1. Estimate the FRET efficiency between GLU245 and LYS157 by the formula 1/(1 + (r/R0)^6), using the beta-carbon distance for r and 35 Å for R0, to the nearest 0.05.
2. ASN99 to LEU274: extension gain in nm, 0.36 nm per residue of separation minus the Cα-Cα distance?
3. Report, in debye and to the nearest 20, how large the dipole of the chain comes out about its Cα centre when Lys and Arg carry +1 and Asp and Glu carry -1 on their Cβ.
4. Rounded to the nearest 10 Å², what accessible area does CYS25 have for a 1.4 Å probe in the complete protein model?
5. Less than 13 Å Cβ to Cβ from PHE105, Lys/Arg counted +1 and Asp/Glu -1: what total charge do the surrounding residues give?
6. Considering the values (i) -1.11, -1.26; (ii) -0.88, -1.02; (iii) -0.97, -1.11, which represents log10 I(q)/I(0) by the Debye sum over Cα atoms at q = 0.13, 0.14 Å⁻¹ as calculated for the structure under consideration?
7. Could you tell me the calculated FRET efficiency between SER225 and PHE265, based on Cβ-Cβ distance and R0 = 30 angstrom, to the nearest 0.05?
8. Projected onto the charge dipole of the chain (+1 at Lys/Arg Cβ, -1 at Asp/Glu Cβ, origin at the Cα centre), which of PHE256, PRO229, ALA239 gives the Cα projection farthest towards the positive end?
Amino acid sequence: EEKKTEWLVSELKSKRPLVAPDLECTDDVREVLDTFKMIAHLQEVCPGSLGTYVISMATVASDVLAVVLLQREMGGKMDQLLRVAPLFERLDDLNEGPNQLRRLFSIPWYHELIAGHQEVMIGYSDSGKDAGRMAAAWALYEGQENATKVADEFGVKLTLFHGRGGTVGRGGGPSHLAILSQPPATINGRLRVTVQGEVIEQNFGEHENCFHTLDLYTAATLEHSLAPPLAPSDEWRGAMATMSEVSCERYREIVFKTPEFNPYFLQATPGQELGALNIGSPPPPPQSKTGG
């Protein structure tokens with residue numbers, strides 16, 4: 001990872017083109033390159049039309065640097081590059097995320113590029129599936145705390161991007177209470193959340209519902225920023241750490257190590273029937289013509 005990061009930074013500093021226009025590559029690679037070309041084009045003809053580039057399943061600092069390099073190589077101007085937000089989703093990635101941010105912010109070139117602002121997305125659904133709800137919730141809490149501390153060390157204003165869904169398993173619940181339950185000093189007037197699937201219609205489908213939802217978000221963000229909640233005591237932290245560890249071990253033992261679990265789950269739930277419905281969020285990748 002260290003060598004990869006050094007190489008990426010050297011390429012980002014260099015003005016020499018890295019990707020040849022006539023590069024021979026697979027269809028998958030060509031699709032990625034064409035996507036970044038389109039991003040550069042849209043940023044040129046309509047600056048600001050695109051928001052943040054989110055890296056799903058991000059694990060290391062080089063993931064972010066690679067996306068920045070691809071944007072530049074495919075024609076993106078340095079002052080028009082999309083913001084790049086790593087999405088930490090699994091338990092290990094949530095725990096390691098703050099260290100990777102420290103590695104990023106320690107790179108002078110990158111620190112200058114972001115001009116004191118960085119977005120980080122945290123995933124509720126995949127972390128819950130990976131470690132169980134208890135362990136995931138505590139990892140999300142501590143991950144936000146530690147990421148904010150790292151950002152403060154380097155003078156970076158961190159915006160946390162919450163990848164919440166509508167169901168409890170995806171971090172769903174009352175928006176106002178969810179915002180107020182975030183760790184102290186992690187919002188500071190800045191908050192981003194995903195709104196997807198059935199939640200869009202539920203919260204924004206009608207004029208009154210839309211403004212009521214925005215009122216809730218605004219009020220909770222202001223309340224958390226002006227009167228932040230108390231930080232948990234060391235005793236509470238110890239209890240949460242123990243419960244998280246025990247619950248994670250038990251969850252993984254049942255879900256990943258018990259052969260009977262999958263057959264039971266398929267028979268006891270309508271998972272297969274729901275999977276056949278065209279209501280996925282995010283949408284599934286297109287199938288190839290061969291059906292693969």
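1. On the way: r = 33 Å, r/R0 = 0.94.
For R0 = 35 Å, the calculated efficiency reads 0.60.
2. Details: separation 175, 0.36 × 175 = 63.00 nm, distance 3.83 nm.
Extra length available between ASN99 and LEU274 comes to 59.2 nm.
3. On the way: 26 positive and 39 negative charges, 83 e Å.
So the magnitude is around 400 debye.
4. Result for CYS25: roughly 50 Å² accessible.
5. Working: positive: ARG102, ARG103, LYS149, LYS157; negative: GLU112, ASP152, GLU153.
Net of charged neighbours comes to +1.
6. Only one option fits the structure, namely (i).
7. On the way: r = 41 Å, r/R0 = 1.38.
Once the sixth-power term is evaluated, E becomes 0.15.
8. PRO229
The values are calculated or read from the model by the stated rules, or taken from the named source; none is laboratory data. Everything quoted here is computed from the prediction, not taken from an experiment. Glycine also receives a Cβ, built like all others from the backbone with ideal geometry; neighbour counts cover every protein chain displayed. Just so you know, the surface numbers come from the protein's heavy atoms only, side chains and all, with ligands and any DNA or RNA stripped out. Shrake-Rupley method; radii C 1.70, N 1.55, O 1.52, S 1.80 Å.
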